[in-house]
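The values are calculated or read from the model by the stated rules, or taken from the named source; none is laboratory data. Everything numeric here is computed off the predicted structure, so don't read it as measured data. Here the Cβ positions follow ideal geometry from the backbone for every residue, glycine too, while neighbour counts run over all protein chains shown. Only protein heavy atoms, including side chains, enter the accessible area calculation; ligands, DNA and RNA are left aside. Shrake-Rupley method; radii C 1.70, N 1.55, O 1.52, S 1.80 Å.
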Amino acid sequence: MTVSSKLTQVAGLALATGLLLTACTAPATPTTAPAKPAATQAPAASGPKKGGTLIVARAEDMKGLDPHKQTAFASFRSLEFIYDPLLTFDKDMKVVPNLAESFKLSDDAKSLTIVLRKGVKFHKGQPLTSADVKFTFERIADEKTAAAARSTFAGIDSIETPDANTVVFKLKAPNGALPAALTTLNAAILSKTWVEGGGDPAREANGTGAFKLVSWETDKVLKLERNADFWIKDQPLLDGIELRIIPDEATILAGLRAKTLDWAYLNDPRIGQRAAAESGLQVWKATSLSYHVLQLNASRDVFKDVKVRQAVACAIDRQEVLNTASLGDGSVTSPATPPFYAAPQADLFCYKKDEAKAKDLLKAAGNPTVKFTVIAATGEPPAALNEAQNIQAQLKKVGIDMQIETLETTVYVNRWLAGDFDAAVALNGGNPDPDAMFYRYWHSTGNLNKVAAYKDADIDKLLDQGRAVSDPAARKTIYTDIQKKLAEAAPWVWLYVGNDYRAGQPSVKGFTPLSNGSNLYLREAWLDK
Amino acid sequence: MSRFITQRLIVFAPTLFGVAVIVFVVMRLIPGDTITAQIGTQTLLTDAQAASLRAYYGLDKPVLEQFTSWFGAALRGDLGLSVRSGKPVLGEILSRFPLTLELGLLALLIGLVLGLTLGMFTATRRGTLADAAGQFLALIGLALPNFWLGTLIILVLSTVFHILPNSGDYTPFSQDPLRNLGQLIFPAFTLGLGLTASIARTTRSAVLEELRQDYARTARSKGLSERWVTLKHCFRNALLPVITLVGIQAGYLLGGAIVVEEVFALPGLGRLLLNAIGQRDYAVTQGVILFIALNFLLINLLADLAYALVNPRVRNA
């Protein structure tokens, strides 16, 4: 589940003579507008123009300023303008140098050498050196920092800085996924001299990014201005970005129509589809890496037998779930969502609905009474309840009784993290790198293995192998294998990936969306006003 | 009079303490805490890291200890720090309150002007078509939920008129009064419509009641015009139940503000509270609810005082 969207639910809290707690649910946004093909970006009539402030709206605010501590999607989508990691993704989700000028993973995948760009300056004036990189990773490793990516980089044995522009990461074990891991904002480079001199990343911002922080008023507005010393010459083109928080996405769409907003990131695909149906608005539609999934808890009695889990998988028509819950806006997905690594669906167990097989499997399991409860969060994702209802109807046809329990988002997260459910409908975050997607759930030592509730020694071995190899083709073979095993063991039923929508005025030019949800390339955008 | 006020103020203390206890307990009964809300399901944190974060925020201490340390500080005026923004809760509340207060006052004004007018209008035309129409309007006003009305207003403004007064760029009154009022008028109307309806209905029945009284008949028999009797004699007496109603409803406006601020993207107290609950930001939730409870008590006190002003019997009792 992406921690991105905001409640469509509005809780009302009134105080009477005692204390009255009432909650009322806002009506679901009507989805009458049919999904039309998204308007394609008009080619620029003239060259890029400099100047102007882009007024951006989104439903949720970031949670804090310290890039190493953030875990929420909304925080990354703000801090990516201010801070830079060493590496990043290009438009094809390929790892490319960012603050690094070049990087090289050794053949044994046990050491990564990074050459830094020269002449990069932090917003407060300090020059970027290899000492800053070393300091950053030491800060992440320090338990006191409570850095989000501490376990991700726990495999770094030592960091060498042969000169001011070169950093060598020495690893305890081979890790072909390290370059992809270095793209996270959780590994954004901080200035050593600034932090050691008393700078507090939780209260101030001092990055190397395209924009500098001007002010942040929580739940209201984040103001950014152009970094004149940005390390890409002539970028950014905008004078600044003003990110406003508008919690209701229907109101965001209203603001776009009224032309009081230039651009918006939309979490709710239904609002995205309505924006796409609107003439006079430009919509960027990108296949998301996040995936909708039905998680079955294999540690619960009802799902201990693999045949029962398989029966559930065989009984579900994934396309029907997609059509019903998200109006067909998306596509059925393999366990790995990055297109390069996705296993062909024809090779995966029961990816085509097979009711007869489901019934046979149940018979082979001794015709048990299969009754369980699925948890779904209200409004997160917006389609969760619809998915659950459709799955409920489909499972009923093979005699499986699924009850639905809807929970407020944080209550849901609490149960989800504790693995306290028979089954859960979830929207889980994807990653361009399959190691980042799979290891944390499916390796028996992964930090979310408790949530996945399934272990397999073979999969452990394959995941370790995938990490140790740096050649993409070889990795692809390994991860295809893992996907086949996962689909067959059916701890989860992977359903579909949706689309991410950004909408804006036709005057916004030069922006390219990334499928991991990043808006980094607003640094290339310009206003044709 | 001063004794009356003192008595009322003394009752404040146990009420506020009760509210503090209830909020504190309820917040801890809801599953999921600040850390859960922060890490969400994308987390890379291990359980040990989450535990050390909990220790950092003092969430691992016994609930009673958490309560006494929080309440003790609150008595000294220190409501703690927001987990999210790292800022003092009191400062957050005071920076958001002017907007909610203004919204509430505007809604109250709209409610009083429209409600009293409609109430008098229908009362003096009892049994006519105009009365029926007015009552029907009031019924609609009561029945429309404000989140729906707010969304509808936004939809109509943006699709038909291509305007949206507030697109996340709220301007305080002190900066630009006109722009501020333009941004608040629709939210205030949304919030005030329900109040308008109930004031109109109460006014109508109260005026009708007074018009039937002996003193009204006497006034009429002295040859006074119906208009004079209604406005000069009955209206003032009819105000009493309206004041009681407004006193109660004004408190509910604060609750309604939560919904309206969310729909219209206004950074007021209601949104602060809603986000704090969603994020399990305990200090902010507790602080805001205490603050709202205090306001509620003060509003009720003001209503009682207003009652005394209009009705000498209360004043001299």
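Quick notes on this structure:
- B:Val284 vs. criteria of a type in the set (Val, Ile, Thr), in a helix (DSSP H, G or I) and within 27 Å of B:Ala138 (Cβ to Cβ): no
- Remark: A:Val195 falls outside the filter, which requires a residue to be in contact with a strand residue (DSSP E or B) (Cβ under 7 Å, 6 or more places away or on another chain), β-branched (Val, Ile, Thr) and open to solvent by less than 40 Å² (accessible area, probe 1.4 Å).
- Within the range A:480-509, if we keep just the residues that are under 16 Å from A:Val283 (Cβ atoms) and outside any strand (DSSP E or B), the residue that is most open to solvent (accessible area, probe 1.4 Å) turns out to be A:Pro506.
- Within the range A:240-271, the residues that satisfy the criterion of being outside any helix (DSSP H, G or I), more than 12 Å from every other protein chain (Cβ to nearest Cβ) and not aromatic (Phe, Trp, Tyr) are A:Gly240, A:Ile241, A:Leu266, A:Asn267, A:Asp268.
- The number of residues in the range B:247-267 being under 18 Å from B:Ala293 (Cα atoms) and either assigned to a loop (DSSP other than H, G, I, E, B) or basic (Lys, Arg) (or both) comes to 0.
- Hits in the range B:1-36 (condition: polar (S, T, N, Q) and surrounded by 13 or more Cβ atoms within 10 Å (Cβ to Cβ)): B:Thr15, B:Thr34, B:Thr36
- Taken across the range B:250-257, residues that are touching a residue at least 40 places away in the same chain (Cβ under 8 Å), of a type in the set (Phe, Trp, Tyr) and either open to solvent by 20 Å² or more (accessible area, probe 1.4 Å) or out of contact with any Leu (no Cβ under 7 Å at 6 or more places or on another chain) (or both) do not occur at all.
- Only one entry of B:Arg179, B:Arg212 meets the criterion of being within 14 Å of chain A (Cβ to nearest Cβ), free of Cβ contacts under 8 Å to residues at least 12 places away in the same chain and surrounded by fewer than 19 Cβ atoms within 10 Å (Cβ to Cβ), and that entry is B:Arg179.
- Test: residue in the range A:354-377 that is under 24 Å from A:Asp500 (Cβ atoms), within 28 Å of the chain's Cα centre (by Cα), assigned by TED's automatic domain parsing to the domain that holds A:Lys476 and assigned to a helix (DSSP H, G or I): no
- Single unsatisfied condition, A:Ser279 versus (1) in contact (Cβ under 8 Å) with a residue 24 or more places away in the chain; (2) more than 11 Å from chain B (Cβ to nearest Cβ); (3) of a type in the set (Ser, Thr, Tyr): (1)
- Within the range A:229-251, the set of residues being among the aliphatic types (A, V, I, L, M) and in contact with a Leu (Cβ under 7 Å, 6 or more places away or on another chain) comprises A:Leu238, A:Ile241, A:Leu243.
This table checks each residue for (1) under 28 Å from B:Phe161 (Cα atoms); (2) aliphatic (A, V, I, L, M).
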residue: A:Trp216; (1), (2): no, no
residue: A:Val221; (1), (2): yes, yes
residue: A:Leu224; (1), (2): no, yes
residue: A:Ile232; (1), (2): no, yes
residue: A:Gly240; (1), (2): no, no
residue: A:Arg244; (1), (2): yes, no
residue: A:Pro247; (1), (2): yes, no
residue: A:Ile252; (1), (2): yes, yes
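- Going through (1) closer than 28 Å to A:Ser444 by Cβ; (2) open to solvent by less than 50 Å² (accessible area, probe 1.4 Å) one by one, A:Asp301 falls short only on (2).
- Of the set (1) open to solvent by 40 Å² or more (accessible area, probe 1.4 Å); (2) modelled with pLDDT under 95; (3) part of a helix (DSSP H, G or I), all apply to A:Ser470 but (3).
- Per the conditions (1) surrounded by 13 or more Cβ atoms within 10 Å (Cβ to Cβ); (2) within 12 Å of chain A (Cβ to nearest Cβ); (3) within 32 Å of the chain's Cα centre (by Cα), the sole criterion not satisfied by B:Leu90 is (2).
- Residue count, the range A:304-313 (criterion: open to solvent by less than 60 Å² (accessible area, probe 1.4 Å) and not in a helix (DSSP H, G or I)): 1
- Inspection of the range A:177-195 finds no residue satisfying the criterion of being in a loop (DSSP other than H, G, I, E, B) and within 30 Å of B:Gly270 (Cβ to Cβ).
- Tally of residues being in a strand (DSSP E or B) and within 14 Å of another protein chain (Cβ to nearest Cβ) across the range A:220-239: 3
- In the range A:218-238, of all residues being out of contact with any Pro (no Cβ under 7 Å at 6 or more places or on another chain) and basic (Lys, Arg), the one that is surrounded by the fewest Cβ atoms within 10 Å (Cβ to Cβ) corresponds to A:Lys233.
- Which numbered condition A:Ile316 fails, given (1) out of contact with any helix residue (DSSP H, G or I) (no Cβ under 8 Å at 6 or more places or on another chain); (2) more than 14 Å from chain B (Cβ to nearest Cβ): (1)
- Selection from the range B:237-260 of residues that are in contact with a helix residue (DSSP H, G or I) (Cβ under 6 Å, 6 or more places away or on another chain), over 30 Å from B:Arg313 (Cα atoms) and facing chain A (nearest Cβ under 9 Å): B:Leu254, B:Gly256, B:Ile258, B:Val259
- All positions within the range B:140-166 that are closer than 22 Å to B:Gly111 by Cα, within 8 Å of another protein chain (Cβ to nearest Cβ) and assigned to a loop (DSSP other than H, G, I, E, B): B:Pro145
- Qualifying residue in the range B:304-312 (condition: open to solvent by less than 10 Å² (accessible area, probe 1.4 Å), of a type outside the set (D, E, K, R), in contact with a helix residue (DSSP H, G or I) (Cβ under 6 Å, 6 or more places away or on another chain) and under 24 Å from B:Met120 (Cα atoms)): yes
- Within the range A:239-291, if we keep just the residues that are aromatic (Phe, Trp, Tyr) and open to solvent by 10 Å² or more (accessible area, probe 1.4 Å), the residue that is farthest from B:Ser158 (Cα to Cα) turns out to be A:Trp284.
- Extreme residue, nearest to the other protein chains (Cβ to nearest Cβ), among residues of the range B:68-87 that are on the phi < 0 side of the Ramachandran plot and open to solvent by less than 30 Å² (accessible area, probe 1.4 Å): B:Ser85
- Looking only at the range A:416-454, residues that are at pLDDT 90 or above, surrounded by fewer than 22 Cβ atoms within 10 Å (Cβ to Cβ) and facing chain B (nearest Cβ under 10 Å) come to 1 in all.
- Of the residues making up the range A:272-295, those that are farther than 30 Å from A:Tyr441 by Cβ and assigned to a strand (DSSP E or B) are A:Gln282, A:Val283.
- Strands (runs of 3 or more DSSP E) completely within the range A:98-164 that count 1 or more residues being touching a residue at least 60 places away in the same chain (Cβ under 8 Å) and either aliphatic (A, V, I, L, M) or buried (at least 21 other Cβ atoms within 10 Å of the Cβ) (or both): A:100-105, A:111-116
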